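Let me begin by presenting the structure, written as structure tokens, before commenting on it.
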Amino acid sequence: MDTEQLVEKVTKAIMDRLNGAPGQAVVFGDVPPGVLAPGVSCRAGHGAGDTEGADYIVLTQAAFRAFHGGAIPAGLTGAVAPVAGGGEPCASCGAENDLTGKKVIGERDIRTLGLTKGARVRVDKCAIVTALARDYAQSQGIDIVC
């Protein structure tokens, strides 16, 4: 399945879910009318604190870029974003912080380690680290190393 088909499939799943369950949405950016189903109430978001109580968060690519310093979401480019580290041994990485062997590292994988600021998580060089995992690690002061 190519990237375009995957995006279409995910978009359809999201739209099916939105169409079936009215709720509260926080919208970042100029979302075209018709993207959200009738019955979904929307409010404009301006920062992370605005998402409290929302069932859905709709973020345009322009809003994503504004939040992330002009970066293009990796999923739109097909590129795998690099992770920090240079492949050198990490003396402070314990076995519990070792996610080598996993092909895809998600936010939940990092979160369940229960790490604090300054901790390191070791991953394979060829592992895909999702944007949410990178953002969570960065917000917690956690380094992801190869």
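The values are calculated or read from the model by the stated rules, or taken from the named source; none is laboratory data. Quick caveat: nothing in here was measured; it's all calculated off a predicted structure. All Cβ positions, even for glycine, are placed from backbone atoms using ideal geometry, and neighbour counts span all protein chains on display.
A few points about this structure:
- Remark: L132 falls outside the filter, which requires a residue to be at pLDDT below 60 and under 29 Å from E8 (Cβ atoms).
- Single match in R120, R134 (criterion: surrounded by 19 or more Cβ atoms within 10 Å (Cβ to Cβ) and under 19 Å from R65 (Cα atoms)): R134
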